[in-house]
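Please treat every number below as a calculation from the coordinates, not as lab data. Only a predicted model underlies this, so the values are computations on that prediction, with no experimental measurement involved. All Cβ positions, glycine included, derive from the backbone under ideal geometry; neighbour counts span all protein chains shown.
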Amino acid sequence: MKDELKNGEEPVPGDAAARAPDGVPLSSFPLHPSSFQAKRARDPLWVRVLLTALALGFLTVLVVVPVIAVFAEALADGFGAYWEYLTDDPDTRHAVLVTLTVAPIAVCANIVFGVAAAWAIARFRFRGRTLLVTLIDVPFAVSPVVAGLMFVLLFGLQGFFGPWLRANGLQVLFTVPGLILATTFVTLPFVARELIPVMEAIGPDEELAALSLGANGRQIFWRITLPNIKWGLLYGVILCNARAMGEFGAVYVVSGRIAGETCTMPLQVEVLFQDFNSPAAFALASVLTMLAVVTLLLKVWVEGRVEKKKDDPQISQTNTD
Amino acid sequence: MSQSNPRVLPGYRLSISFTLFYLGVLVIVPLAACAITAAQLSWDQFRAAVWTDRARAAYALTFGTAFVAALLSSAIGLLVAWVLVRYEFPGKRLFDSLVDLPFALPTAVAGLVFSNLYVPNGWLGRFLVPLGFEGAYSRVAIVLVLVFIGFPFVVRTLQPVLESLDAEAEEAAALLGASRWQTFRRVIFPALLPGLLTGFALAFARGLGEYGSVVFVSGNMPFKTEIAAVLIVGRLEEGRPNSYREATAIACVLLAASFLMLILINRLERFAKKDEG
């Protein structure tokens, strides 16, 4: 503790230290061992109360009220009606099915890509590596509507592959494969972006050791790499899935919104809303909201696991950067 | 972190070729399709598509609302990050995880519920509309929903910076007689600035391209509340022979803006990292 006091005083000349009792209550110093506590104790009480109230007020108006409103609107006609809105409409049922088809396929494709890209980028040095990292970020930067438009330009009737596809009796636009393509594009960066820093932080030492002991590539991946990155991977998958299920703009453009065929859940919400069927729209929206809440819970759980790992001194050495 | 003997580990060729193939099919080819389609227009046609009165109004609205929303997001994000890092209060962990909700909530749901909250007989609109705050089917509505989507970016970029701030600098400032406000302005804020700018840029970039939520809340009236993304969809659905290309031309304007933001964000993040280390 004395050491810390000295550190704090170092830049202060002797006579200024004498002034300290006026400016800073010395009683705050005994709190010092954890410097966090001292920091927190600094702002006057009224500032702390005011700022906390403001921040929580904003969070409440922006986040809490909308979430409550979704469920309140969805359940406004009672639970029985809510259940009917969800299950009676065949188009709504089909939308759930489409989402449950599109999202897993897009997520799986991006898991494979994410692992491959992270392995290439975090384990090797090559020319154009930074460019490749930037390229992975492109889908985050592009507006979802523009993303959808690009696939229309490729596969639409006036598009580049449109005539060829038509001649062969194939269709991508306004079909589920088109939805999968657009969703995969939009969610492409999630897993890779999560894995690259994780793998770089862990470093190649364990894999090199395994290699020198005679392990082959497959053994290295399944026994060393995957166990090391599994939490980062899971984290990326959770975020990727949430976006895949909730994506609107990109699939809006490529789907044609044919009810009962190419509507995902978010698109069906819009269709119902346009039909002035607001209770049904809110019922379906409440399912998507529950999905978001589950995503958050999983996220908190994974973050808890990762933090526990960090407390483990052996691993924390490799994880801090 | 850097590797001393490169390419000792197996799988370089496999992973790099798969990565390039995947990015090629999903990112490069579509982008090229966009560029080629736009290039099929003559310069005059391109200008005519990109620079109509309606398109100009849409750009002004898109950039204007995204900018205002990013500013508000920065202010709210800074406040929320500060409170979450510095103060203790009951339910702190809950509120901390709630910040991520806009990332996880489908934008269509956000749009649906925001449009419903701020109409004259909505939960919030019934108090706000009489005060002259038109939070639905207006520009204000677009800004509102973009703040909802944008402020978590600011909170999440600022939180780690605030946590790693050097307590000693603040203590030194206090010992030298600085007031708390002076310490914030002269010591803390400059350290937060790179993170704040990054958060602002992320929120702005996201706001430029946002579609799902805006389409619900804005009313989409040409010249008034029609953003560029809505205009692109509108052009696409017109089905005239040249409407694809006109939509693409407008999309190119948005793409150019997005890429500028991407480069800027990369620079900012690198700058912030250098600052730390």
*For a footprinting-style exposure proxy, rank B:Ile36, B:Ile232 by other Cβ within 10 Å, fewest first.*
B:Ile36, B:Ile232
*Let me have the 222 nm mean residue ellipticity of chain B computed from DSSP H runs of 4+ only, each contributing -39500 (n - 2.57), with the sum over all residues rounded to the nearest 500.*
-23000 deg cm²/dmol
*By the gyration tensor of its Cα atoms, with a ≥ b ≥ c the square roots of the eigenvalues, what is the shape of chain B: rounded for a/c under 1.5, prolate for a/b over b/c, or oblate?*
oblate
*What translational diffusion coefficient, in µm²/s and rounded to a whole number, does the Stokes-Einstein relation yield for the range A:88-233 at 4 °C and a viscosity of 1.567 mPa s, taking the hydrodynamic radius as the Kirkwood radius over Cα pairs?*
73
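What trypsin sites (Lys or Arg not before Pro) does the range A:55-128 have in DSSP loop regions with at most 10 other beta carbons within 10 Å?
Values: sites: A:Arg93, A:Arg123, A:Arg125, A:Arg127; in loops: A:Arg125, A:Arg127.
Taking the range A:55-128 and a limit of 10 other Cβ atoms within 10 Å, the loop trypsin sites (Lys or Arg not before Pro) found are A:Arg125, A:Arg127.
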*With a Förster radius of 30 Å, plug the Cβ-Cβ distance of B:Gln45 and A:Leu131 into 1/(1 + (r/R0)^6) and report the FRET value to the nearest 0.05.*
0.40
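What's the average, rounded to a whole number, of partner chain beta-carbon atoms within 10 Å of each residue's beta-carbon in B:69-80? Please report the intermediate quantities before stating the final value.
Working: counts 0, 0, 0, 1, 0, 0, 1, 5, 2, 1, 7, 7.
Taking all residues of B:69-80 together, the mean is 2.
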_With the cut-off at 30 Å, tell me which of the pairs A:Lys308/B:Lys273; B:Lys224/B:Lys273; A:Lys230/B:Lys273 have Cα atoms farther apart than that._
B:Lys224/B:Lys273
_Fewest-first sequence of A:Cys108, B:Cys252, A:Cys240 by Cβ atoms within 10 Å of each Cβ_ = A:Cys108, B:Cys252, A:Cys240
*How high is the relative contact order of the range B:43-276, given as a whole-number percent (alpha carbon pairs under 8 Å, six or more residues apart)?*
31
*Positive end of the charge dipole of the protein assembly as shown (Lys, Arg +1 and Asp, Glu -1 on Cβ, about the Cα centre): tell me which of A:Thr175, A:Ile136, B:Ala66 has its Cα farthest that way.*
A:Ile136
*asked:* I need A:Met245, A:Met290 ordered by Cβ neighbour count within 10 Å, fewest first.
replied: A:Met290, A:Met245
_Dipole in debye (nearest 20) - the protein assembly as shown, about Cα centre, beta carbon charges: Lys, Arg +1; Asp, Glu -1_ = 1100
*Is there a simple number for the mean count of other chain Cβ atoms within 10 Å of the Cβ of residues in A:296-305, and what is it?*
2
*With labels modelled as points extended 7 Å from the Cα through the Cβ direction, what inter-label distance (nm, one decimal) is found for B:Leu176 paired with B:Glu88?*
3.1
*Which of B:Gly209, B:Val85, B:Ala191 sits closest to the plus end of the dipole of chain B, meaning its Cα is farthest towards the positive end, when Lys and Arg get +1 and Asp and Glu get -1 on the C-beta?*
B:Gly209
*In whole angstrom, note down how far apart the Cα centers of the range A:98-175 and the range A:217-249 are.*
18
*Report, in debye and to the nearest 20, how large the dipole of the range A:149-254 comes out about its Cα centre when Lys and Arg carry +1 and Asp and Glu carry -1 on their Cβ.*
340
